[in-house]
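J.: I'd like to ask some things about the structure below.
The values are calculated or read from the model by the stated rules, or taken from the named source; none is laboratory data. Since the model is a prediction, treat every value here as computed from it, not as a measurement. Here Cβ is always computed from backbone atoms with ideal geometry, including for glycine, and neighbour counts include all displayed protein chains. Side chains are part of the model used for accessible areas, which takes the heavy atoms of the whole protein and leaves out ligands, DNA and RNA. Shrake-Rupley method; radii C 1.70, N 1.55, O 1.52, S 1.80 Å.
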Amino acid sequence: MERREFLKLVGALGATAVAGPERAEASATELEDSYGVLLDVSQCDGCRTCELACAETNGLPEPEYDEDTLDEIVRPTSETQWSVVNCFDTSAGDVYVKKQCMHCSTPACASACLTKALLKTEEGPVIWREDKCMGCRFCMLSCPFDVPKFEYDSANPRIQKCRMCWERQIEGEMPACVEECPSDAMVFGKRSELLEIARERIHQNPGDYVSHIYGEHEAGGTGWLYISPVPFEELGFRTDLGEKAYPEYVRPFLTTVPVVLIMWPAFLLALRQATGPVAEETVDADHTQQMEV
Amino acid sequence: MGAPASISRISPERGSVLSFLRQELRPKGKLLTTFNMISIPIMAATAVILFFRFSQGLGSVTNLNQEFPWGLWVGFDVITGVAFAGGAYVLTFMVYILRMEQYRPIIRATILNGFLAYIFYSIALLLDLGRPWNVINPIIGNSFGLSSVLFLVAWHFLLYITAEAIEFSPAIAEWLGLKRIHRVLTGLTIATVIFGITLSTLHQSGLGALFMMAKPKIHPLWYSEFIPLLFFVSSIFAGISMVLFEGGISHRVFHDRLTPEIKQSHDRIMTGLARIAGGVMFVYLFLSALNFLHGRLWQHIVSGWGLWYLAEVIGLVAMPMVLFVVGSAKNHKGMIRTAAVLSLLGIALNRLNISIIAFKWYAPVHYIPNVMEVVVTAGVICAEIWVFRWIVLRMPVLSASPAWARRQADVERERPNVKEVAA
Ligand code: SF4
Ligand code: SF4
């Protein structure tokens with residue numbers, strides 16, 4: 001406690017490093033209680049009702065596509081389409097997968113954002129706030145899933161991505177895509193409960209699923225969880241992201257910052273004193289102390 | 001501390017403040033120089049491009065896209081530019097902390113260069129922000145993204161610009177003849193220098209730390225958990241190389257204004273700096289080699305990317321290192337200059353590799369900056385040179401300080417406690 005108070009004195013810059021890890025720890029305990037979605041890939045028919053529901057709910061243009069070639073191309077999510085269902089040609093034939101923001105438990109995007117425009121809410125969704133964002137696109141650089149999209153063709157550009165219908169959630173409703181899905185491919189609920197359902201389904205239908213819940217550990221765990229009949233790399237998922245939460249990669253640097261802030265000036269001052277004539281030194285040291293207080 | 005008794009204003013022989021300023025604002029020197037002929041159209045084009053950038057959005061003038069959120073304006077102007085501007089903190093360290101007095105003649109020019117570089121690269125950063133009006137959010141504190149490296153870097157930029165302004169301010173005071181203020185500002189120098197070096201250490205490495213979370217997107221040959229350390233160490237020789245490169249040009253262009261002190265010491269300063277740069281590059285290579293072994297990077301070396309990496313590390317770091325060392329031993333100016341250019345290219349390539357070239361090396365379509373992005377980058381650099389020239393032609397940067405300031409400085413240095421003597 002004492003040490004923390006001391007570090008806080010170092011000011012806003014020192015606080016960067018102190019507050020960073022602290023926040024990460026606090027949220028880690030609440031994570032299992034936040035909401036997420038379990039998507040059972042084997043249940044999805046590829047009807048794309050969810051795409052439409054998403055567009056309607058969020059005031060986005062209705063997704064346009066050419067029915068004939070639709071299953072041959074992989075469309076990325078975009079600034080006008082936050083949720084996309086693509087068809088993958090896998091070892092088990094055509095498999096459809098919906099993708100959107102993963103709503104990471106410890107999101108890289110939110111820890112990258114210097115204005116806190118991106119925020120992991122208590123409920124679970126990671127949301128973006130227009131009045132804060134300055135459009136630096138550091139979130140896009142940092143998100144391991146390449147989710148945030150930017151309106152390059154606007155003079156008042158926004159970051160666009162799925163917000164897991166946060167507004168609906170605080171009203172007690174589930175995300176629109178989950179509600180509208182005619183095949184019940186998605187389950188909305190607390191992350192801990194979803195993990196249990198997922199494990200149970202895998203356990204009880206051994207041949208039907210690969211034994212992996214995508215999102216349980218990926219990038220430190222995500223709010224959206226997937227179970228699938230085919231290996232995830234066949235479905236365009238990155239499987240090389242590791243299990244570490246992405247903000248952890250910056251932690252070593254951030255924890256060194258206050259140390260350098262305190263040690264460096266003292267070291268430099270000592271060095272200057274060591275190199276000069278004694279008489280001059282006392283005066284310069286006085287100067288410096290005065291200035292720094 | 002005895003407060004100086006004399007109240008000094010703009011020196012009386014210069015007439016009133018207004019006519020002094022009017023005279024100083026007038027262009028000095030020829031208008032139709034080659035540099036002007038080239039830079040004016042570039043800056044005009046930049047203005048037009050920026051008009052479209054702010055009315056139509058970034059997409060109308062850049063090749064940035066959803067896959068490549070950061071392009072030339074960040075990768076070169078900011079990330080490379082700041083490394084190039086490292087000379088200011090390196091030289092203030094040498095002169096004010098280690099008291100290597102032989103480098104004092106070039107300290108002001110170096111600080112000015114660093115200061116302007118930071119100002120203009122911050123402008124470049126603002127141009128790249130999609131919603132620049134919200135830039136005040138992280139500054140006034142209504143939204144502190146405290147876990148963000150970018151937050152730290154942005155704040156350090158601001159503070160460092162202030163520190164450099166204070167470090168340079170005695171020259172402005174001398175220009176305006178403000179004796180009393182001069183004394184106060186000079187007194188701030190050591191404290192600001194120490195503060196400035198600390199900030200530089202942190203944001204030079206912080207620029208590297210920006211890429212820590214982009215781990216899966218940067219080719220393993222360039223991604224390493226030690227990027228912040230490597231960025232810091234390389235900013236030292238990048239800064240020195242820039243001082244050598246730019247110093248050579250200034251020496252020719254502003255030859256008439258140079259103090260005899262600078263003219264005499266020029267060669268000695270060059271060889272000295274070259275030796276230091278060579279030494280730091282050796283350390284950098286050593287760290288890179290450790291990183292290479294630690295990261296088991298050899299498995300990536302037999303590939304196109306491997307060759308590209310070797311070109312950077314051997315061609316543009318090891319080679320200039322050797323040239324620096326041999327050049328300084330043989331006192332060979334041409335060799336030192338070549339080394340400086342090569343090493344600057346090496347730094348630029350390293351920063352661009354991490355931010356653009358080896359970033360998403362797996363992407364089917366790669367970002368390549370368009371002409372407009374290049375023009376704006378050139379325009380920002382031209383504008384910076386204009387301001388540099390304007391200042392150098394007026395203030396005592398390369399030229400000698402007025403006699404009163406030199407007397408003051410001598411007094412300060414030898415008997416700091418003495419009451420007002422100079423006046
Ligand atoms: S997937 Fe990307 S955008 Fe979504 S919460 Fe995770 S880091 Fe943020
Ligand atoms: S673009 Fe906006 S949301 Fe993304 S990191 Fe920058 S300020 Fe935050």
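J.: Give the residue that is nearest to B:Gly57 (Cα to Cα), with candidates limited to residues of segment A:154-170 that are within 14 Å of chain B (Cβ to nearest Cβ) and within 16 Å of ligand 1 (Cβ to nearest atom).
T.: A:Arg158
J.: Now for a different question. Scan segment B:146-167 and report the pairs whose first residue is without any contact (Cβ under 8 Å) to a residue 40 or more places away in the chain and whose second residue is open to solvent by 20 Å² or more (accessible area, probe 1.4 Å) and within 15 Å of ligand 2 (Cβ to nearest atom), with Cβ atoms within less than 8 Å and a gap of 6+ or a chain change.
T.: B:Ser147/A:Pro247; B:Phe151/B:Phe144; B:Ala154/B:Ile139; B:Trp155/B:Ile139; B:Leu158/B:Ile139
J.: Also, I was wondering about something else. Are any residues in segment A:121-141 more than 8 Å from ligand 2 (Cβ to nearest atom), in contact with a Phe, Trp or Tyr (Cβ under 7 Å, 6 or more places away or on another chain) and at the interface with chain B (Cβ under 9 Å from one of its Cβ atoms), and if so, which ones?
T.: The answer is A:Leu141, and nothing else.
J.: Restrict the check to segment B:362-372 and report whether at least one residue is in contact (Cβ under 8 Å) with a residue 24 or more places away in the chain and in a helix (DSSP H, G or I).
T.: yes
J.: If B:Glu164 meets every condition in (1) touching a Gly at 6+ places or on another chain (Cβ under 7 Å); (2) part of a helix (DSSP H, G or I); (3) farther than 25 Å from B:Val283 by Cβ; (4) within 11 Å of chain A (Cβ to nearest Cβ) apart from one, which number is that one?
T.: Just one mismatch for B:Glu164, condition (4).
J.: Could you grab me the full set of residues in segment A:234-268 that are open to solvent by 70 Å² or more (accessible area, probe 1.4 Å), within 7 Å of chain B (Cβ to nearest Cβ) and part of a loop (DSSP other than H, G, I, E, B)?
T.: Answer for segment A:234-268, where residues must be open to solvent by 70 Å² or more (accessible area, probe 1.4 Å), within 7 Å of chain B (Cβ to nearest Cβ) and part of a loop (DSSP other than H, G, I, E, B): just A:Asp240.
J.: What residue, among those in segment A:191-233 that are surrounded by fewer than 17 Cβ atoms within 10 Å (Cβ to Cβ) and of a type in the set (Asp, Glu), is farthest from ligand 2 (Cβ to nearest atom)?
T.: A:Asp208
J.: It is to be established whether one or more residues within segment B:142-151 are away from chain A (no Cβ under 14 Å) and either open to solvent by less than 30 Å² (accessible area, probe 1.4 Å) or assigned to a helix (DSSP H, G or I) (or both). Even if it seems obvious, please write down each step before you answer.
T.: First, pick out the residues of segment B:142-151 that are away from chain A (no Cβ under 14 Å): none.
No, the conditions are met nowhere in segment B:142-151.
J.: Could you tell me how many of the residues in segment B:217-243 are out of contact with any strand residue (DSSP E or B) (no Cβ under 7 Å at 6 or more places or on another chain), in a helix (DSSP H, G or I) and open to solvent by less than 10 Å² (accessible area, probe 1.4 Å)?
T.: 9
J.: Kindly list, by first and then second residue, each pair from a residue in segment A:131-143 that is more than 10 Å from B:Pro69 (Cα to Cα) and in the same structural domain as A:Asp240 (by TED's automatic domain parsing) to a residue that is near ligand 2 (Cβ under 7 Å from one of its atoms) and among the polar types (S, T, N, Q), limited to pairs with Cβ atoms under 9 Å and residues at least 6 apart or on different chains.
T.: A:Lys132/A:Thr115; A:Cys133/A:Thr115; A:Met134/A:Thr115
J.: On to the next question. Specify the residue that is nearest to B:Leu290 (Cα to Cα); the eligible residues are those in segment B:206-216 that are more than 7 Å from chain A (Cβ to nearest Cβ) and in a helix (DSSP H, G or I).
T.: Among residues in segment B:206-216 that are more than 7 Å from chain A (Cβ to nearest Cβ) and in a helix (DSSP H, G or I), the one nearest to B:Leu290 (Cα to Cα) is B:Gly208.
J.: Right, something else. Specify the residue that is nearest to the other protein chains (Cβ to nearest Cβ); the eligible residues are those in segment A:91-120 that are β-branched (Val, Ile, Thr) and crowded, with 23+ Cβ neighbours inside 10 Å.
T.: Step by step, filter segment A:91-120, then rank; the result is A:Thr115.
J.: Could you tell me which of the residues A:Leu114, A:Leu70 is within 30 Å of A:Ala245 (Cβ to Cβ) and either more than 21 Å from the chain's Cα centre (by Cα) or not aromatic (Phe, Trp, Tyr) (or both)? Before you say what the answer is, go through the steps one by one.
T.: Values: A:Leu70 fails: within 30 Å of A:Ala245 (Cβ to Cβ).
That would be A:Leu114, the only listed residue that is within 30 Å of A:Ala245 (Cβ to Cβ) and either more than 21 Å from the chain's Cα centre (by Cα) or not aromatic (Phe, Trp, Tyr) (or both).
J.: May I ask you to verify whether A:Glu122 is among the acidic types (Asp, Glu) and either away from ligand 1 (no atom under 15 Å from the Cβ) or closer than 30 Å to B:Trp73 by Cβ (or both)?
T.: no
J.: Same structure again: Of the numbered conditions (1) without any contact (Cβ under 8 Å) to a residue 40 or more places away in the chain; (2) surrounded by 15 or more Cβ atoms within 10 Å (Cβ to Cβ); (3) within 16 Å of ligand 2 (Cβ to nearest atom), A:Asn156 satisfies every one except a single condition; which is it?
T.: (2)
Each row is one residue, and each column tells you yes or no for (1) crowded, with 16+ Cβ neighbours inside 10 Å; (2) farther than 30 Å from B:Thr186 by Cβ.
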{"residue": "B:Phe35", "(1), (2)": "no, yes"}
{"residue": "B:Pro41", "(1), (2)": "no, yes"}
{"residue": "B:Arg53", "(1), (2)": "yes, yes"}
{"residue": "B:Tyr89", "(1), (2)": "yes, no"}
{"residue": "B:Phe93", "(1), (2)": "yes, no"}
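J.: Need the failing condition index for A:Glu173 against (1) in contact (Cβ under 8 Å) with a residue 60 or more places away in the chain; (2) more than 16 Å from ligand 1 (Cβ to nearest atom); (3) over 15 Å from A:Val41 (Cα atoms), just the number.
T.: Only one criterion is unmet by A:Glu173, namely (1).
J.: Checking the structure you have, find out if any residue of segment B:172-186 is farther than 21 Å from B:Trp390 by Cβ, open to solvent by less than 10 Å² (accessible area, probe 1.4 Å) and within 14 Å of another protein chain (Cβ to nearest Cβ).
T.: Within segment B:172-186 (the criterion being farther than 21 Å from B:Trp390 by Cβ, open to solvent by less than 10 Å² (accessible area, probe 1.4 Å) and within 14 Å of another protein chain (Cβ to nearest Cβ)), the answer is no, since none of the residues qualifies.
J.: Right, next: Return only the number of the condition from (1) within 14 Å of chain B (Cβ to nearest Cβ); (2) within 16 Å of ligand 2 (Cβ to nearest atom); (3) assigned to a loop (DSSP other than H, G, I, E, B); (4) surrounded by 21 or more Cβ atoms within 10 Å (Cβ to Cβ) that A:Gln81 does not satisfy.
T.: Result: A:Gln81 fails condition (2) only.
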